[in-house]
Amino acid sequence: MAFVIVGVLFIVMKVAELGPVAGWSWWLVLSPFPLAALWWWYADTSGLTKKREIDKMERRKAERRRKNIVNLGMEDTRRPRQ
């Protein structure tokens, strides 16, 4: 996502002729977009995206279980939380 944001900033700076980006070639200005595509390809093929999704789902499940136990009044208040 950072590559896309940098790419959009470069395009805005190039069109508005701001800073050193105004003198750069369009190939250099547009280079963050292929880098973003490469990063997304790597994240998908390495399993990084799926791992983050599974971790997020497990955190939601644990929080839902904890809330249900508290709502049912089954929370053990004698032991400190881990």
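Just so you know, all these numbers are worked out from the coordinates, no wet-lab data involved. For clarity, every value in this text was computed on a predicted model and none was experimentally measured. With ideal geometry, Cβ positions are generated from the backbone for all residues, glycine too; neighbour counts draw on all protein chains shown.
Key figures for this structure:
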| quantity | calculated |
| --- | --- |
| Odd one out for residue 74 among (1) part of a helix (DSSP H, G or I); (2) free of Cβ contacts under 8 Å to residues at least 24 places away in the same chain; (3) not charged (D, E, K, R) | (1) |
| Criterion: within 16 Å of the chain's Cα centre (by Cα) and of a type outside the set (A, V, I, L, M) - qualifying residue of 73, 47, 19, 7 | 47 |
| Residue within segment 40-57 that is out of contact with any Phe, Trp or Tyr (no Cβ under 6 Å at 6 or more places or on another chain) and assigned to a loop (DSSP other than H, G, I, E, B) present | yes |
| Residue 10 being part of a helix (DSSP H, G or I) and without any contact (Cβ under 8 Å) to a residue 24 or more places away in the chain | yes |
| Residue check for residue 27: assigned to a helix (DSSP H, G or I) and surrounded by 10 or more Cβ atoms within 10 Å (Cβ to Cβ) | no |
| Residue ID - nearest to the chain's Cα centre (by Cα), chosen from residues in segment 30-39 that are among the aliphatic types (A, V, I, L, M) and in a helix (DSSP H, G or I) | 36 |
